[in-house]
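Beneath this line is the structure, given in structure tokens, with notes to follow.
Just so it is clear, none of the values below were taken in a lab; they were calculated from the coordinates. In this text, all values refer to a predicted model and were calculated from it rather than measured experimentally. Quick reminder, even Gly has a Cβ in these numbers, built from the backbone with ideal geometry, and neighbours come from all protein chains shown.
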């Protein structure tokens, strides 16, 4: 699976994000599936100053039925086009793959604090929506990638 994703991030400062991601299914368990997601995206934090934050993300999802757990990390480069800081964000949350929604808690760990005046969240809550079709095989179905029985 692959496609665009859209998100909002809230805590002390709010931001919106847009990106493109790929999902890979690792194995085909009968009751449980493990997914790997890689994403390239940009977060924009509105306010003074306006911050841009290109991101590279990797996460693993343990999915059972219609719900799963997400564990991931993001490399984020916060900038106002003059100053910058680099951050690693660890993430933990829930995913509803049938509804293509993730709800995540993240904690930003600053790698270099070259510009302490840049204000961004240490704690972060994200709601991510990826409006592309779930083409994974159903766990109890001998189906092709479009969900049709073979």
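Available extension along the chain between residue 60 and residue 42 is 4.5 nm, counting 0.36 nm per residue and deducting the alpha carbon span.
For region 1-50, would you read off the P(r) tail past 12 Å as a percentage of all alpha carbon pairs? The calculated P(r) of region 1-50 puts 68 percent of pairs beyond 12 Å.
Take the Cβ atoms of residue 34 and residue 105, set R0 to 22 Å, and the FRET efficiency comes out at 0.60. An ellipsoid equivalent to region 19-108, defined through the eigenvalues of its Cα gyration tensor, has semi-axes of 30, 12, 11 Å when rounded to whole angstrom and sorted largest first. What the Cα convex hull of the chain gives, in volume per residue, is 87 Å³.
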